[in-house]
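Step one of this worksheet: look at the structure below.
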Amino acid sequence: MSITLISKEGAQFLVSKPVADRIGVVRDCAYGADFWLGYAVATDDSMGITLANVTSSILSKILVWCEHYKDMEPLVDGDSNMEFPEWDMAYIGHDMNQILFVLEAADYLHIPGLLLLACKGIADVLDGRNPRGICDLLGIVMDFSHRQEVDMDKENGYWRWFLHPT
Amino acid sequence: MYPKAHLLNLPQEILESTLLLLDPLDVVSCIKACGKLRSVVYNEHTDYMWRAMVLNLFDDPRERAEGEPAPDTVDWMALLQARIRAREVAQSILPSNIVRRSPRLSLKPAPLTPPQPLHQDTLSVLPQILADSARPSAAPSGAIIPRESKNVLFLEELLGTAGRQSALLGSPLTPGRASISSRLHALHGLTALDLVSPRIRGVAREKVYTMRNYGLASFWGPFLAAQKGARKPDWGMLESMMIVLGRNVLDSRDRWSLTEEDLPAVTLDRSRPYTQRREEEAKAVEGDWAGVQGRWYRIVSFMDYNDLWDWNWSGSGPKTLDGAFEVVKLMTLDLQVMSIGVPPEDAVSDARPPSSPSGSSEDDSDFHPPSSPSSPNSDTIELFDHAGIGEEELDDADADALDHLPHVHILHIPSITLHPGGFNMITSSDRLPSARSRKHPTIYFSGTSTGHTTDPPVTRLRGRVDMGEDGSVLWRMTSRFSGHSWVSEGVQIGGVQSQTGVLATWSELEHEDHGPAGPSWIWKSRSNTVAKERRDFLAFDQQ
């Protein structure tokens with residue numbers, strides 16, 4: 001069985017059930033109703049599900065991930081020491097903008113594994129940067145007056161001693 | 001899609017999980033960059049983020065073994081900051097200069113480069129990380145179910161390379177090292193360099209077998225002198241004992257019938273609290289917080305007395321102990337708890353008259369009732385701390401005698417002999433229990449020691465286990481063997497119920513001039529077998 005997903009622009013993506021199953025929203029919408037209604041809403045290919053918040057380019061990227069993970073379980077829980085598979089890191093890349101789009105879509109579509117991977121992608125971009133570097137990256141100005149900064153150092157106590165040079 | 005994808009527009013919980021994928025140091029950079037990110041971490045309502053960051057890297061410090069007192073509330077932010085700071089300091093310390101020549105031979109003192117006090121304080125967090133590591137649980141049979149600890153992994157990573165080991169642990173070759181280095185070394189066990197260097201072994205032996213390193217002020221044990229009557233571990237001495245005994249074990253282990261898990265070793269994983277075997281429920285004793293009840297093994301190392309004399313007192317002895325000959329003996333101990341919190345009946349009831357020589361009645365002298373400290377006529381050394389007795393309570397003669405031993409009060413100088421078991425069996429701390437010792441009351445035990453070349457093969461012993469003010473587990477044991485009474489004073493490496501066990505100094509109870517002393521190691525059995533030694537290697541014992 002397969003199912004049709006429709007992007008914001010109206011492009012149609014035909015995906016198989018194991019791939020669609022990775023997308024929580026689609027799973028609940030198309031098959032989860034089974035549980036509540038006693039029958040599945042989507043019984044054939046004729047029905048499409050519109051994902052109005054997701055652009056075609058992001059949806060196609062997300063489907064690559066779903067395709068990759070259709071037979072295996074992705075990581076859904078991580079800590080700062082966890083190593084992600086190489087494929088995942090190559091997939092998510094280092095483009096902050098792109099990652100954020102994927103992240104928002106993954107959040108909206110309910111894909112915990114991809115959400116975590118996107119968080120990891122952002123963490124990797126932030127990794128090892130000093131505060132000024134982070135501001136540059138995010139395109140914000142440091143919104144602390146000098147006075148606040150001094151207070152913060154005090155609060156952080158001895159952290160300051162080994163903070164990355166600014 | 002959203003009009004503008006921006007990190008700061010993301011919902012709180014996503015920001016949280018993103019930050020939790022970062023190292024705490026990078027989290028600090030984020031905090032400093034932006035108020036929004038800062039508010040994710042600093043939240044006046046909850047310390048969730050700090051807790052989560054700690055639990056990312058470390059075991060849950062609130063978790064406790066069965067029967068262990070519950071910990072105080074945790075300040076997660078302070079905990080994380082102290083540990084991360086220790087990690088950063090540990091990673092940035094340059095390797096200390098290892099002095100080539102031995103300190104005995106050098107004419108002028110080598111330039112000392114001890115870590116700055118700042119580092120010493122910072123790094124003292126590291127042993128605490130080990131003490132807070134996850135508690136393995138025990139099967140109903142008492143066997144320990146192995147459990148990986150994030151804290152141990154953290155320390156192993158920190159001390160993993162030879163460079164870090166030489167910088168942080170160092171070796172006894174470097175004089176004037178900070179005691180934190182020695183302490184970490186004693187907890188970590190032998191490094192690759194310790195295994196091959198004859199000089200490190202020699203220096204460690206020189207420390208352990210130099211009799212002027214022992215005395216009343218340090219209780220003839222691995223304790224710092226002049227601590228106002230309290231026993232505080234002397235980590236430099238314990239480190240040397242670990243090296244001497246660790247190398248001796250490697251040399252002798254092949255002739256012991258011990259299984260791999262019963263063989264003694266020091267590793268970070270074994271130096272965790274609550275890793276020693278627990279007794280089956282039927283045999284366990286209520287309140288036995290140190291797990292004394294049960295089977296233990298012990299090795300004792302000593303030098304031939306002639307060699308010991310040459311080294312210490314002849315003035316023409318060897319220059320080093322690199323090639324010294326030591327004897328290693330293995331014994332099996334079976335210990336029973338006698339009482340907890342209060343001294344056993346016979347320990348206080350009757351004092352032996354001083355005229356009776358302790359050797360006259362062999363059968364009960366091993367297990368004999370120690371002298372009561374309250375009877376002034378008995379031959380007893382008693383050690384009080386300042387808290388127990390004020391200066392004005394001492395008479396003049398005693399006060400004079402104290403001039404050169406400022407913190408130890410000698411009330412009764414031993415004249416001829418002391419009763420085995422009488423030495424220090426009762427101290428002032430029994431009368432003035434501290435807060436910590438109320439949670440961990442003194443355990444009094446007795447037991448038997450079974451060797452294979454001893455005559456008689458089974459000897460009786462007794463002793464006590466205390467919790468020191470700094471949380472260290474202190475052992476004291478007396479026994480009678482080959483016509484002499486012996487006392488052992490030691491510290492359990494890694495704290496309560498650690499599998500590493502107790503490093504103890506043995507010495508003669510009488511502590512006469514030129515009396516011998518040496519290191520020994522006591523550790524709990526994991527398999528309950530009786531340790532056997534192949535006799536053929538022990539021919540030299542018959543001399």
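The values are calculated or read from the model by the stated rules, or taken from the named source; none is laboratory data. Every value quoted in this text rests on a predicted model; they were computed, and no experiment measured them. A quick note on method: Cβ atoms are made from the backbone with ideal geometry, for glycine too, and the neighbour counts reach across all protein chains shown.
Some points to look at:
- Those strands (runs of 3 or more DSSP E) of segment B:443-520 in which at least 3 residues are hydrophobic (A, V, I, L, M, F, W, C), considering only elements entirely within it, cover B:458-467, B:473-481, B:484-492, B:502-508.
- If you check B:155, B:184, B:216, B:169 for being aliphatic (A, V, I, L, M), in the same structural domain as residue B:86 (by TED's automatic domain parsing), at pLDDT below 90 and crowded, with 20+ Cβ neighbours inside 10 Å, only one passes: B:169.
- When residue B:479 is tested against (1) at pLDDT below 90; (2) surrounded by fewer than 22 Cβ atoms within 10 Å (Cβ to Cβ), exactly one condition is not met: (2).
- Considering segment B:287-324, and only residues there that are part of a loop (DSSP other than H, G, I, E, B) and among the hydrophobic types (A, V, I, L, M, F, W, C), the residue that is nearest to the chain's Cα centre (by Cα) turns out to be B:290.
Quick grid of which residues meet (1) within 7 Å of chain B (Cβ to nearest Cβ); (2) part of a helix (DSSP H, G or I); (3) modelled with pLDDT of 90 or more:
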residue: A:101; (1), (2), (3): yes, yes, yes
residue: A:106; (1), (2), (3): no, yes, yes
residue: A:118; (1), (2), (3): no, yes, yes
residue: A:142; (1), (2), (3): yes, no, no
residue: A:152; (1), (2), (3): yes, yes, no
residue: A:164; (1), (2), (3): yes, no, no
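- A Cβ distance below 6 Å, combined with a sequence gap of six or more or placement on separate chains, defines the contacts here; from segment A:5-21, residues that are assigned by TED's automatic domain parsing to the domain that holds residue A:109 and over 12 Å from residue A:59 (Cα atoms) reach residues that are at pLDDT below 90 and in a loop (DSSP other than H, G, I, E, B) in the pairs A:17/A:1; A:18/A:70; A:19/A:70.
- So residue B:230, is it touching a residue at least 40 places away in the same chain (Cβ under 8 Å) and within 16 Å of the chain's Cα centre (by Cα): yes
- Checking residue A:83 against (1) surrounded by fewer than 13 Cβ atoms within 10 Å (Cβ to Cβ); (2) of a type in the set (Asp, Glu); (3) closer than 22 Å to residue A:29 by Cα, the condition it does not meet: (3)
- Residue satisfying all of: in segment A:86-97; at pLDDT 90 or above and closer than 26 Å to residue A:50 by Cα; surrounded by the most Cβ atoms within 10 Å (Cβ to Cβ) among these: A:92
- The residue pairs whose first member lies in segment B:188-202 and is exposed (fewer than 13 other Cβ atoms within 10 Å of the Cβ), whose second member is part of a helix (DSSP H, G or I), and whose beta carbons are closer than 7 Å, counting only pairs six or more residues apart or on different chains, are B:192/B:162.
- Residue within segment B:323-333 that is surrounded by fewer than 15 Cβ atoms within 10 Å (Cβ to Cβ) and touching a helix residue (DSSP H, G or I) at 6+ places or on another chain (Cβ under 7 Å) present: yes
- Meets criteria (over 30 Å from residue B:154 (Cβ atoms) and of a type outside the set (Lys, Arg)) for residue B:193: no
- Members of segment B:55-75 found to be within 14 Å of chain A (Cβ to nearest Cβ), acidic (Asp, Glu) and either out of contact with any Lys or Arg (no Cβ under 8 Å at 6 or more places or on another chain) or not in a loop (DSSP other than H, G, I, E, B) (or both), listed by number: B:60, B:75
- Residue that is farthest from residue B:80 (Cα to Cα) [pool: residues in segment B:20-33 that are within 7 Å of another protein chain (Cβ to nearest Cβ) and buried (at least 22 other Cβ atoms within 10 Å of the Cβ)]: B:33
- Yes/no for residue B:533 being modelled with pLDDT under 85, of a type outside the set (Gly, Ala, Ser) and surrounded by 19 or more Cβ atoms within 10 Å (Cβ to Cβ): yes
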